[in-house]
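Have a look at the structure below before the remarks.
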Amino acid sequence: MHAQEATTELGLANRRIILGVTGGIAAYKSAELIRRLKDLGADVRAVMTPAAQEFITPLTLQALSGNPVHTTLLDTEAEAAMGHIELARWGDLILVAPASADFLARLAHGHGNDLLSTLCLAARCPLAVAPAMNQAMWAAASNQANMDLLQARGVHVFGPAAGEQACGDIGPGRMLEATELAQCTANLFPHRILTGTRVTITAGPTREAIDPVRYISNHSSGKMGFAIAEAARDAGAQVTLISGPVHLPTPDRVKRIDVISALDMHQASMDALTQTDIFIATAAVADFRVENSHNQKIKKQDNSGPGMTLTLVENPDIVAAVAQHEPKPFTVGFAAETRDVENYARQKIERKNLDMIVANDVSRQDIGFNSDQNAVTVIWKSGQQLMALASKTQIARDLVTLISEHYKNTR
Ligand code: C5P
């Protein structure tokens, strides 16, 4: 998928929308709205008022959203699964569609007598409403005063449209169509540089088994790869993080695939390629594995002599294999060197057919494997850029910006 096409296609990638459905005939359009929001990449949770359930069933909205539907404030089971305050914090936006005249009145006056109105009070995220009612109700002075109040408080109002109504009247009060509402919703969020782009990242060390209890590995903490995963997600990308054994929590809204050995990581990376526009290899992959790792724990007395010999065989070079793949994702490697950093990094770009390489000098004590800081030189065929000592979070953000600029130039 090309980033340009995807920008409009996936304007809600990684966004969480709480869709409030209130009682009105337009509630049937909420089912379609969930589909359109999901088409744009959103994760949707529906919240229904009791009146809404007279028009459409929670089951329909659950099936379409793929998430449980929330209906009552005082349901201990639902609260145990996700409490209303937690749900309020979950959303990046609450969209009430359709919003009935009664609900808008309750919203304007700060009521909290059902789950949806309570969520609107408790949430710190933006709020949008799509009014739907009879044209005379829409025009009523009390309703108009409520709308003025809501707008003055920063509530986004989508529509209503004018036209023929379910009751036979003609005039303003119809809810906007699902496609229009989904687009209005996407327009509320700022465009992010990697919206619609799929980024796969390898991170951490690999472990090469000697026997069931022993292995060969290295000191990689995975911190750089995890920080890049977060930065790419914040830039709007859909992120897959293929991680060796590390002690780090999974970043929110990132798909994590855990692997142990280099062969596992190779397989997971190849499998991810159909869903990858940019591949970033931060993993410290073991160059060799034990040729015949033992199924049983090796005993000291298993060896005839005083020493022990392990035969090692080379592991596949994952990033080089990715760069051979057609179509080739924009491929970024890392180079940890202790001397002549730039020179070795340039050779690696050529040898592995990379688009970019991030070189760091691991002979320095203040940066590298287990540190929270890093300083790198980013190198590409026709240039380079130094990123001075900074937190891995900051370096990750700067890297994601630079990678996305170069990636877009290649499309
Ligand atoms: O050749 P070297 O190990 O120094 O290259 C480092 C870069 O290559 C890193 O991006 C690392 O993730 C990647 N790599 C790999 N598979 C290997 C070895 C290294 O993807 N087997």
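Where a number appears in this text, it was derived from the coordinates with a stated rule and is not lab data. Here the structure is a predicted model, which is why all the values come from computation and not from measurement. Quick reminder, even Gly has a Cβ in these numbers, built from the backbone with ideal geometry, and neighbours come from all protein chains shown.
Using the beta-carbon distance between Cys125 and His294 and R0 = 51 Å, what value does 1/(1 + (r/R0)^6) give for FRET efficiency, to the nearest 0.05?
0.40
Pull up the DSSP beta bridges for segment 114-252 and report the antiparallel fraction as a percent, rounded to 5.
In segment 114-252, DSSP labels about 45 percent of beta bridges as antiparallel.
Is segment 300-353 best put as rounded, prolate or oblate by its Cα gyration tensor, with a ≥ b ≥ c the root eigenvalues, rounded for a/c under 1.5, and otherwise prolate when a/b is larger than b/c, oblate when not?
Oblate.
What relative contact order, as a whole-number percentage, does the chain give when Cα pairs under 8 Å and 6 or more residues apart are counted?
Normalised by residue count, the contact order of the chain is 12 percent.
Rounded to the nearest 20 debye, what is the charge dipole size of the chain about its Cα centre when +1 sits on each Lys and Arg Cβ and -1 on each Asp and Glu Cβ?
That gives a dipole near 580 debye.
Please report the orientation-averaged projected area of segment 3-187, defined via the convex hull of its C-alpha atoms, in nm².
Value for segment 3-187: 10.2 nm².
Hey, rough spin-label estimate for Ala209 and Asn67, points 7 angstrom out along Cα→Cβ, what's it come to in nanometres?
Inter-label distance under the simple model: 3.9 nm.
Quick check: net charge around Ala42, other residues with Cβ under 11 Å of its Cβ, Lys/Arg +1 and Asp/Glu -1?
Net local charge, Ala42 excluded: +3.
Provide the three semi-axes, in whole Å and in decreasing order, of the ellipsoid equivalent to the chain as defined by the square roots of 5 times the Cα gyration tensor eigenvalues.
Ellipsoid semi-axes (Å, largest first): 52, 24, 18.
Please report the net charge: other residues with Cβ closer than 12 Å to the Cβ of Gly91, K and R +1, D and E -1.
Charge balance near Gly91 sits at +2.
Counting other C-beta atoms within 10 Å, and keeping those with at most 11, which DSSP coil trypsin sites (Lys or Arg not before Pro) do you find in segment 283-358?
Sites meeting the loop and neighbour criteria: Lys297, Lys299, Arg339.
When Thr200, Thr309, Thr276 are ordered from fewest to most other Cβ atoms inside 10 Å of their Cβ, what list results?
Starting with the residue having the fewest Cβ neighbours, the order is Thr309, Thr276, Thr200.
Using 1/(1 + (r/R0)^6) with R0 = 56 angstrom and r between the beta carbons of Ala161 and Thr311, what's the FRET efficiency to the nearest 0.05?
It comes to 0.15.
If I stretch the segment between Leu389 and Glu32 completely, what's the gain in nm (0.36 nm per residue apart, minus their alpha carbon distance), one decimal?
123.6 nm
Relative to the longest principal Cα axis of the chain, at what angle does helix 341-352 sit, 0 to 90 degrees, rounded to 10?
80 degrees
Find out how many positive minus negative residues lie around Phe226, taking Lys and Arg as positive, Asp and Glu as negative, among other residues whose Cβ is under 10 Å from that of Phe226.
+2
With both partners inside the chain, how many of the DSSP beta bridges are antiparallel, as a percent to the nearest 5?
Roughly 30 percent of the beta bridges in the chain run antiparallel, per DSSP.
Relative to the present Cα-Cα distance, how much length would full extension add between Gln373 and Ala145 at 0.36 nm per residue of separation?
Computed gain between Gln373 and Ala145 is 76.6 nm.
Take the chain, connect every pair of alpha-carbon atoms lying under 10 Å apart with a spring to form a Gaussian network, then pick out the residue of His156, His266, His294 with the largest mean-square fluctuation.
Result for the chain, Cα springs under 10 Å: His294 fluctuates most.
Which of the trypsin sites (Lys or Arg not before Pro) found in segment 162-224 are loop residues per DSSP with 13 or fewer other Cβ atoms within 10 Å of their Cβ?
When the trypsin sites (Lys or Arg not before Pro) of segment 162-224 are filtered for loop state and at most 13 Cβ neighbours within 10 Å, nothing remains.
Holding the Cα-Cα limit at 19 Å, pick out from Lys223/Lys348; Lys352/Lys392; Lys328/Lys408; Lys223/Lys255; Lys348/Lys408 the pairs that are longer than that.
From the list (Lys223/Lys348; Lys352/Lys392; Lys328/Lys408; Lys223/Lys255; Lys348/Lys408), the Cα-Cα distance tops 19 Å for Lys223/Lys348; Lys352/Lys392; Lys348/Lys408.
Which whole-Hz couplings ³J(HN,Hα) result when phi for each residue of segment 264-276 is put into the Karplus expression 6.51 cos²θ - 1.76 cosθ + 1.60, θ = phi - 60°, listed in order with x for Gly and Pro?
Each residue of segment 264-276 in turn: 4, 5, 4, 4, 5, 5, 5, 5, 7, 5, 5, 10, 10 Hz.
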